[in-house]
1. GluC sites (Glu not before Pro), restricted to region 43-108: which are DSSP loop and have at most 16 other Cβ atoms within 10 Å?
2. Loop only by DSSP, 14 or fewer other Cβ within 10 Å of the Cβ. Give me the trypsin sites (Lys or Arg not before Pro) in region 76-112 that pass, ordered by residue number.
Amino acid sequence: MHDIAHTKYRAIIVAFIILFVAILILAVWPDVRRTQSEAEKESATILAKEMYQCAEGKSVYAVYVEGAVRLELSDLRARTLPQTVAGSGARYATLNGSFVFWSKGDTAFIQENNVLTFTDCVRV
């Protein structure tokens, strides 16, 4: 009889320990992920921020970082694109080339699936 009570007591203690460890892990986990995310953001040094005014009242806000650009479009979409090889100007594109942002001097354009969607963009 004494062994059964001891076994139940031991099971309750083990359950509480497991619960405590699980709560501790869940409490700490978001902080670990946020810290990693903040470190990634800090490692991307902003080179320039530019606003482009385009045809049809459209606009593009571009944040240039080393080897990439973060675009915020007037239609509320946002994209981050890696820089790719360009004969002239700066070209940023998805790996399959379905979305391309190209800038040269004070001008830029966006091409999506081989269709120009943001044209005559001028830096303001």
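1. GLU66
2. ARG77
Only the coordinates and a few stated rules stand behind these numbers; no lab work does. What you see is a predicted model; the values in this text were computed from it and never measured. Quick reminder, even Gly has a Cβ in these numbers, built from the backbone with ideal geometry, and neighbours come from all protein chains shown.
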